[in-house]
Amino acid sequence: MACALAGAARIVYLPILLAGTLSDIFDGILARRLGVSTSRLRRFDSVTDAIYYLFVLIVLWILCKATISKTVWAIALLILSEVATITVSLARFGKYPATHTYLAKFYGLTLLAGLTALLVFNASGWVVIVMMTVALVTNAEIVLIHFASDAPPVDVSTIFALRERRS
């Protein structure tokens, strides 16, 4: 956010976005390899992701105000789907969601590509609509997983994996 307020060149956001995404990918891998990955740690990872993306949204508002204003409906749907996912998880299990599905991983890569397009290359609103669409599909699966689960789901690859866990 400091870079946006200081008027830094747009190319500065590329390494920031890459570092954020790579650290999100590799912190989980490292935690599993070191044997310290717990459900609580995975939930903390999800909370941290949400905070990171809230800061990115503020930066988007500062740098891409015209595009964001035109696609505010898509951003509102994206945020509402995130809130719905969190609400369902809290209502069902009293815990923050930490499913880490394959779709969620794809969504993270979509966010990297979309945010790079917006922040570095000043892309138009179609990028926001793509990110919103992937968010809606991803969060719909996560909500379904929460409704289909008997216990708080952590690291469930897909909705179809629940059937395998029960067998």
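For the stretch 48-67, the set of residues classified as within 18 Å of the chain's Cα centre (by Cα) and of a type in the set (Val, Ile, Thr) consists of Thr48, Ile51, Val56, Ile58, Val59, listed by residue number. For the stretch 84-112, a residue qualifies if it is within 18 Å of Leu22 (Cβ to Cβ) and not aromatic (Phe, Trp, Tyr), and the qualifying residues are His100, Ala104, Lys105, Gly108, Leu109, Thr110, Leu111, Leu112.
Entry remark, the stretch 26-46: residues being without any contact (Cβ under 8 Å) to a residue 40 or more places away in the chain and outside any loop (DSSP other than H, G, I, E, B) number 11 in total.
Residue count for the stretch 4-25, restricted to those that are more than 18 Å from Ala113 (Cβ to Cβ), without any contact (Cβ under 8 Å) to a residue 12 or more places away in the chain and assigned to a helix (DSSP H, G or I): 1. When we screen Leu57, Leu78, Leu136, Leu111 for residues that are without any contact (Cβ under 8 Å) to a residue 40 or more places away in the chain and part of a helix (DSSP H, G or I), the only hit is Leu57.
Report the residue count in the stretch 138-167 for those that are over 17 Å from Tyr53 (Cβ atoms) and under 15 Å from the mean Cα position of the chain (by Cα). Outline the logic, then answer.
Just the residues of the stretch 138-167 that are over 17 Å from Tyr53 (Cβ atoms), to begin with: 140-141, 143-167.
Those still in the list that are under 15 Å from the mean Cα position of the chain (by Cα) too: 140-141, 143, 155.
Residues in the stretch 138-167 being over 17 Å from Tyr53 (Cβ atoms) and under 15 Å from the mean Cα position of the chain (by Cα): 4 in total.
Among the conditions (1) aliphatic (A, V, I, L, M); (2) at pLDDT 95 or above; (3) loosely packed, with under 15 Cβ neighbours inside 10 Å, the only one that Val47 does not satisfy is (2). Within the stretch 124-133, being outside any helix (DSSP H, G or I) and either crowded, with 17+ Cβ neighbours inside 10 Å or free of Cβ contacts under 8 Å to residues at least 24 places away in the same chain (or both) holds for one residue alone: Gly125. With respect to the conditions (1) part of a helix (DSSP H, G or I); (2) in contact (Cβ under 8 Å) with a residue 60 or more places away in the chain, Thr87 falls short on a single one, namely (2).
Among the residues making up the stretch 60-75, those that are of a type outside the set (A, V, I, L, M), under 28 Å from Ala9 (Cβ atoms) and not in a loop (DSSP other than H, G, I, E, B) are Trp61, Lys65, Thr67, Ser69, Lys70. Restricting Leu90, Leu80, Leu41 to residues that are closer than 30 Å to Phe121 by Cβ and of a type outside the set (Lys, Arg) narrows the list to Leu80. Mind listing just one residue for me: the one in the stretch 102-116 that is within 11 Å of the chain's Cα centre (by Cα) and of a type in the set (Ser, Thr, Tyr) and, of those, surrounded by the most Cβ atoms within 10 Å (Cβ to Cβ)? If we take residues in the stretch 102-116 being within 11 Å of the chain's Cα centre (by Cα) and of a type in the set (Ser, Thr, Tyr), then Tyr107 is surrounded by the most Cβ atoms within 10 Å (Cβ to Cβ).
The values are calculated or read from the model by the stated rules, or taken from the named source; none is laboratory data. Values in this document were obtained by computation on a predicted structure and should not be read as measured data. Here Cβ is always computed from backbone atoms with ideal geometry, including for glycine, and neighbour counts include all displayed protein chains.
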